[in-house]
Every structure is written in C-alpha cells, then in structure tokens.
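The values are calculated or read from the model by the stated rules, or taken from the named source; none is laboratory data. Quick caveat: nothing in here was measured; it's all calculated off a predicted structure. No Cβ is skipped: glycine too gets one built from the backbone with ideal geometry, and neighbour counts run over all protein chains shown. To get the accessible areas, we keep the full protein, side chains included, count just its heavy atoms, and leave off ligands, DNA and RNA. Shrake-Rupley method; radii C 1.70, N 1.55, O 1.52, S 1.80 Å.
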Amino acid sequence: MENVQREAMDYDVVIVGAGPAGLAAAIRLKQLSPDLTVCLLEKGSEVGAHILSGAVIDPVALNELIPDWKEKGAPLNTPVTEDRFYVLGPSGALRLPNILMPPLMSNHGNYAVSLGNVCRWLAQQAEGLGVEIYPGFACSEVLYRDDGSVKGVVAGVMGIAKDGSHKPDYQPGMELHGKYVFIAEGVRGSLAKEIIAKFNLSEGREPQKFGLGMKELWEVRPEVHRQGQVTHTMGWPLGTKTGGGSFMYHLEDNLVSVGFVVHLNYENPYLFPYMEFQRFKHHPLIENVLKGGRRIAYGARAITEGGFQSVPKLYFPGGALIGCAAGFVNVPRIKGSHNAMKTGMMAAEAAFAALSAGRAGDELSSYEDAYKSSSVYLDLKRVRNVKPMWSKLGLVGGLTLGGLDMWLNQLFGFGLGTWKHGKADYATLKPASQCKPIVYPKPDGEISFDRLTNVAFSATNHEEDEPPHLKLKNPDVPISVNLPTWAEPAQRYCPAGVYEVIEEAGKAPRFQINHQNCVHCKTCDIKDPSQNIIWVVPQGGEGPNYPNM
Ligand SMILES: Cc1cc2nc3c(=O)[nH]c(=O)nc-3n(C[C@H](O)[C@H](O)[C@H](O)COP(=O)(O)OP(=O)(O)OC[C@H]3O[C@@H](n4cnc5c(N)ncnc54)[C@H](O)[C@@H]3O)c2cc1C
Ligand code: SF4
C-alpha cells in the first residue's frame, strides 16, 4: 500500500456530514462550551447540496436548539394548513377522514420547508458560534488508534486518476483527529457501514430497512397553489403488495414538492421505482396540480425505514452514530429530521460531559442512555409495527392493523407486540423467472420525464478521470449472476440510470456504469441482490448540487 504523508489537525469533536444531525450536534457543542474545537466535514460542494428531503418538519428539536429561530430568520415560512391522506386507485382516490388518523400523524404545528435551505441556515448559525465547516471535503477513510478506538477520518483526497496515478491537482487530503468522532452521514453512510460492521453495532437488532425516495420540485400555476397544503397517498400505482407512497407539499412562491417512496423490500425485480414515480404523477389528483407548471429540480435519496427495531448500538470506542446514519425515521410520518437533530444534540451533550471530565476516545454510553429516555425513542416506539405490518400484510391489512396499533400506542402506551422486519432488503427479490415484466407508459415530457433528462435537473457532476466510486467486488457478477437470475435489477432501481446492460448483436452482454450520473442515493449499495456493489465517496464537491431540495 502507498505510504501517504498527510497533515493532521486535532479537534475536540470531528463530525462527518452536515445534515440536520451533524449541524445540530455542532451547534449544541458550541452552545455548551465556546472553547470546544469542532470541525464539520461535508462532501457536497456546499452545505445543503446533497440534502434531499420532503420536507414537512416537526420543529420540536429546533425549538429546543435555537428557541428564537424565527427572529434569527430560519427558513420555516410555511406552516402546514391542511393535511390530506388518500388511498389511490388508477383514476379515483379515497380520502381517509383525518379523524381516523391517530393524533401523532397530525401535521398541525409543522412546517413545509426545503431541508437543504434549513441546513444552509443552520450552517450559518454554527459558523457564527465558531464551528469550522469544510464543504467539499469527502471523508473517505476511518482512522483508528492503537487500542482500536476511532481516532478520526481522512478527508479531502483529490486528483487521483482512474488508473491510480496522481494528476496535477493531486491532494493527499488531511487527517482530522477528534477526541470524539460523530458519524452523521445520513442514510447508509459509507463510513457508518464500516464502523457498524467493525464494532458489531447491529448485533441483536433487526436488519435496517430502507425506501428509495425520489422527488421533483415544481413551480405550479398560482390558481392551483395552496400554500401549506400537505397530501400523502398510498396505493396506486404500486398495488397492494409493494410498500410505498407519495407526498405533495405546497411551499411558498408557488413551489410544490412532489415525491414518491418505494420500499426497497419489493420482490419483483422488474419493478422500476423511477417509472412508478413518473406514472404516479399522471393520477388526476396530482396531474391537475402539475399541468401547466414547470419542473425545477429532481433528485433521489434512500430513507431509513427500520425504525425502533433496527436502531444499532449508538456508540463505539471514540465516537457515536447520530441521525440517519443510525436511522431514526418515523416511517408513517415520513419524518426523520427532528430525530436526527435531537440525537445530534444528545450525543453532543454526552461528549461535552465526557470532555469536561477529561475523557477522550472512549465510549459515550450516556448518549445511548439519553436516547432511551428521549422523545426520539417514544416517537419510534409508537409506530414500530407499521412498517413490518405493511411488509407482511400488504396495503389493506397493514394499513388497518398498523392504524390500530398506532391508536393503541397513542392511547394506552402499548401495541400489538413488536413485529420483526425479517429479511434485509437485498434478499427480498424473487427470481425474474417467477415474476412478470412490468410495462410502463412512456414519459410525455410534460408531466413525466425520462431518467436522463431528469438527472440533468439534479446538477450532478463527477470527474470523468477518477477511480470509480461504485465498486464491484466481482466485476463478473452483474452479467454472470444478476442478469440470468434477476434480469439485473440495477438497470431499474437506480434513479439516475447509472447502470446499463448493453446488449449488441453478436456480442456478449456488457455491464456499464455511468458513474458521472450518480446522485448519491445509496440504493445500489442497499438493494443489489448479490451485495456486490460498494458505494464509496468520490472526491469532495462532486455529486448533485441541489439548490433547494
Ligand atoms: C424523499 C424523502 C423525504 C423525506 N421527507 C421528510 C420529511 O418530510 N420530514 C422529515 O422530517 N424528514 C423527511 N425525510 C427524512 C430526513 O430527510 C432525514 O431523516 C434527515 O435528512 C436525516 O438527517 P441526517 O443529518 O442524519 O442525514 P442527511 O440529511 O442525509 O445528511 C447527511 C450529510 O452528510 C453528508 N455525508 C455523507 N457521507 C459523507 C462523507 N463520508 N463525508 C462527508 N460528508 C458526508 C451528506 O452529503 C449529507 O449532506 C425524508 C427523506 C427522504 C429521502
Ligand atoms: S449509482 Fe447507486 S447511489 Fe448512485 S444514483 Fe444509482 S443507485 Fe443511487
């Protein structure tokens, strides 16, 4: 192995990822002690560039972190005014009366926002308190001390060519050492994956579950815009067996955020999540809003769905997992940002107490204790059965029993036991020979779009000449195993069209990876049935450049 010489910098706390979790942790640390040195590293070209969320946010954690956020100009401008739930059929829609919904599902008091813009604002607050934020710094390696504890990370490696040689702009990167290191990478973090495996943090837990969320931002006609209206749907076009649903949030300035989530435990390898999303937009309930409007941005990101049963051990020697790197999304509410922030704050408090006692590099077990008596724990516990019930009983059974379970939890503090998730998402595909291919309508170019056209609206960019950040453990597997067994599902599950099987007359099929288009959603790392694709960070500043997602 190459012996690389790097400069090192020492901090009290090093945080990987400037999402709501990392930013809240950084702010809390500096609130507790302005003297602490805190460094926050972000792979996006700026804070917010890689943030993709709905988002209707519950301000509970923000109220606690920055009580005067309104006076400080936080971009929470649209209180939710109307909450609608529908079960869709191909052309009709059944509205569920709000009275049937347990109060925990209500969006009263929540705000429709761009989470990316909220993160940009949080970054300003953090910098104002003295946090050092380095955007464009992808953390590519975990560093360990001799005793095995996490010591820091390597970030900012640039200018390596595809063949491994150094280009003129080569930078070896820096070592950032922390007395504690917080991993706040969000869903399926690449360093989190290594740390969870190394320290066996998922032992005794259910496998983490995921969905793939795809989203477009639209500017719609003023006459159909209803600022503050929130709509969630289930059912068509997914059918009753595949889990998922949609959201449509009316923000300010005639902007509407429309998104679709497909649970990644689907079975039919012919399912094409992106095309399900495109088809969904033609439902009259949605098309009537989008018609005559303009799609401004597109993107995709996986979302953690394992919830209560899948939360790993939250600390390891030298640091902690915070936010969706551990997975704190409340699935029926499609909300995780409030819990991401709150877990960041709790980890910060644990680290502050440890540092004040002169400790460093050891286990922050008090963070996990705090989690277990926190609002996050209760939030996840009350809805713990919704996802496994849906997976096992389908839409109708899952919705009915899941609803009953949430009511019981809300009213009496207990539910119908704790259901298991079962298999990990990569293991749920049936062989293609047992499934029917699905024919999708062609996008019309007005309401629905083909993948590559849409990817252009994510402003994604990667160097042509750099080592691939989508690594195949065995390059033969896509064609020799995945193609005959599952009709190589990567061609369809990737929302950016990165993976192609090229079939030319007289030639053997070939697997092609268009890594430049990758929007960093992490679905391939999660869903590849052979677990042969490993997502690692490309050089910093690459990937999507979401303006306000
Ligand atoms: C489609 C969709 C809709 C959603 N809707 C809602 C909603 O309406 N309300 C809600 O509350 N929640 C919603 N969520 C969930 C919410 O977005 C997440 O719970 C929340 O963003 C998690 O925050 P986080 O800070 O843990 O991670 P993230 O927000 O994912 O932030 C992680 C950051 O770390 C960076 N990073 C990752 N790896 C590295 C690395 N190795 N080096 C440097 N930087 C790195 C990333 O670029 C990113 O900026 C939704 C999610 C999706 C996908
Ligand atoms: S290559 Fe993987 S991480 Fe990138 S967009 Fe496609 S599925 Fe998502």
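Key figures
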read-out	value
In segment 331-356, the residues that are over 18 Å from A370 (Cα atoms) and more than 8 Å from ligand 1 (Cβ to nearest atom)	V331, P332
Residues that are away from ligand 1 (no atom under 11 Å from the Cβ), open to solvent by less than 10 Å² (accessible area, probe 1.4 Å) and of a type outside the set (V, I, T), drawn from segment 519-531	D525, K527, D528
Considering residues of segment 309-336 that are within 20 Å of L191 (Cα to Cα) and either part of a strand (DSSP E or B) or touching a Pro at 6+ places or on another chain (Cβ under 7 Å) (or both) only, the residue most open to solvent (accessible area, probe 1.4 Å)	Y315
Qualifying residue in segment 497-510 (condition: in contact (Cβ under 8 Å) with a residue 40 or more places away in the chain and in contact with a strand residue (DSSP E or B) (Cβ under 9 Å, 6 or more places away or on another chain))	no
Pairs, first under 22 Å from E46 (Cα atoms) in segment 20-36, second among the hydroxyl-bearing types (S, T, Y) and within 9 Å of ligand 1 (Cβ to nearest atom), C-beta under 9 Å, six or more apart	P20/S53; P20/S337; A21/S337; A21/T343; A24/T343; A25/T343
Wholly within segment 97-200, strands (runs of 3 or more DSSP E) carrying at least 2 residues that are on the phi < 0 side of the Ramachandran plot, hydrophobic (A, V, I, L, M, F, W, C) and open to solvent by less than 50 Å² (accessible area, probe 1.4 Å)	139-144, 150-155, 174-183
Any hit, segment 289-306, residues being away from ligand 2 (no atom under 16 Å from the Cβ) and under 15 Å from the mean Cα position of the chain (by Cα)	yes
Segment 5-53, subset open to solvent by 40 Å² or more (accessible area, probe 1.4 Å), of a type in the set (S, T, N, Q) and more than 26 Å from the chain's Cα centre (by Cα), residue farthest from ligand 1 (Cβ to nearest atom)	Q5
Filter result for V14 (within 21 Å of A325 (Cα to Cα) and assigned to a loop (DSSP other than H, G, I, E, B))	no
Verdict on A123 being touching a Gly at 6+ places or on another chain (Cβ under 8 Å), under 22 Å from Y546 (Cα atoms) and within 16 Å of ligand 2 (Cβ to nearest atom)	no
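Residues checked against (1) in contact with an Asp or Glu (Cβ under 8 Å, 6 or more places away or on another chain); (2) within 16 Å of P468 (Cα to Cα); (3) within 7 Å of ligand 2 (Cβ to nearest atom):
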position: I502; (1), (2), (3): no, no, no
position: F511; (1), (2), (3): yes, yes, no
position: C524; (1), (2), (3): no, yes, yes
position: K527; (1), (2), (3): yes, no, no
